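First the structure, in the form of structure tokens, and then the observations on it.
The values are calculated or read from the model by the stated rules, or taken from the named source; none is laboratory data. Not measured: the values here are computed from a predicted model. Please note: Cβ atoms are built from the backbone with ideal geometry, for glycine as well, and neighbour counts cover all protein chains shown. Just so you know, the surface numbers come from the protein's heavy atoms only, side chains and all, with ligands and any DNA or RNA stripped out. Shrake-Rupley method; radii C 1.70, N 1.55, O 1.52, S 1.80 Å.
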Amino acid sequence: MRFIDSHVHLCEYPDHIPSLNLARSLEMMLLSSGVNQVSSMRTLEIARDEPSLVRAFLGVHPSKAERGDSLEWFEVALREATGAGELGLDPKYSEISPKSPQMTTFTRQLEAVERAGKPVQVHSRGAEKQCLEALSSYGVERVLLHWFQGEADLKEAEDRGYFVSFGPALLHSKRLQRMASSLDPAFVLAESDGPVAFTSLGEAGGPSIVPTVVFKLAELWKMSFSEAEERLLRSGLGYLDISGKT
Ligand SMILES: [Zn+2]
């Protein structure tokens, strides 16, 4: 294995097979996240069919959180999954307050993740502080702050030993470039967040962008592509808590 796309949504593609073929040819492992029960269960199926290529993460995305959500399926399905995600908070979708659906859906999932002892992928756009605060109440060990944009909160995340992933926006965002440069590569991962499309790059998102993100990180860290590749693979395996033959 050479690469890990640490955050992609295979279920959101009309056809995910081309992404699997691409990942196979690039020797890339895909950490695929669900956004609700249906896509999470489908993600488990894909991972079952392709165990060497795909690892399943299950969760309810903040855009899908609803009052009275039953999360029983989540705790049960999490036993088979590699980890939890995509879950978190985002004020773009609905208000966030201690008893809001977003907050209760997030914290109830974190409770289950703590019990399961599995890694989690957190969506924190616009709610970085609230996510860090909520996370501090749970004994969740391996946290990936996916596409984290909270420059002011980066030090806190770093001090806690959280992982941070960077996607295609790293190629043009000076803020993300500053953040990535300042981090210890041992806690950085690359991601596509596919199939989200990045129109500024003129192409649809997907795992094919990951080597370009690795290239950008190598440039920021002033190291060769192969060294960045190797360090990112190591941090990804550390996040998954597997040694992994490469
Ligand atoms: Zn995502």
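Quick notes on this structure:
- E158 being closer than 21 Å to D241 by Cα and out of contact with any strand residue (DSSP E or B) (no Cβ under 6 Å at 6 or more places or on another chain): yes
- Near pairs, Cβ below 8 angstrom, 6+ apart or cross-chain, from segment 1-20 (free of Cβ contacts under 8 Å to residues at least 40 places away in the same chain) to any residue that is in a strand (DSSP E or B) and within 14 Å of the ligand (Cβ to nearest atom): C11/S32; L20/L30
- Scanning segment 97-114 turns up no residue that is over 25 Å from F3 (Cα atoms), among the small types (G, A, S), within 16 Å of the ligand (Cβ to nearest atom) and without any contact (Cβ under 8 Å) to a residue 40 or more places away in the chain.
- Candidates L44, L30: the one that is more than 11 Å from the ligand (Cβ to nearest atom) and either outside any strand (DSSP E or B) or touching a Cys at 6+ places or on another chain (Cβ under 8 Å) (or both) is L44.
- Among the residues making up segment 1-12, those that are open to solvent by less than 40 Å² (accessible area, probe 1.4 Å) and either more than 14 Å from the ligand (Cβ to nearest atom) or not aliphatic (A, V, I, L, M) (or both) are F3, I4, D5, S6, H7, H9, C11.
- All positions within segment 131-175 that are within 16 Å of the ligand (Cβ to nearest atom) and of a type in the set (K, R): none
- Hey, R142 within 18 Å of the chain's Cα centre (by Cα), basic (K, R) and buried (at least 17 other Cβ atoms within 10 Å of the Cβ) or not: yes
- Of the residues making up segment 21-48, those that are closer than 22 Å to D241 by Cα, without any contact (Cβ under 8 Å) to a residue 60 or more places away in the chain and either open to solvent by less than 80 Å² (accessible area, probe 1.4 Å) or of a type in the set (S, T, N, Q) (or both) are S32, G34, S40, T43, L44, I46, A47.
- Of all residues in segment 178-192, those that are part of a loop (DSSP other than H, G, I, E, B) and either of a type in the set (A, V, I, L, M, F, W, C) or buried (at least 19 other Cβ atoms within 10 Å of the Cβ) (or both) total 3.
- L135 open to solvent by less than 10 Å² (accessible area, probe 1.4 Å), farther than 23 Å from M29 by Cα and either without any contact (Cβ under 8 Å) to a residue 12 or more places away in the chain or touching a strand residue (DSSP E or B) at 6+ places or on another chain (Cβ under 9 Å) (or both): yes
- Test: residue in segment 70-79 that is within 17 Å of the chain's Cα centre (by Cα) and open to solvent by less than 50 Å² (accessible area, probe 1.4 Å): yes
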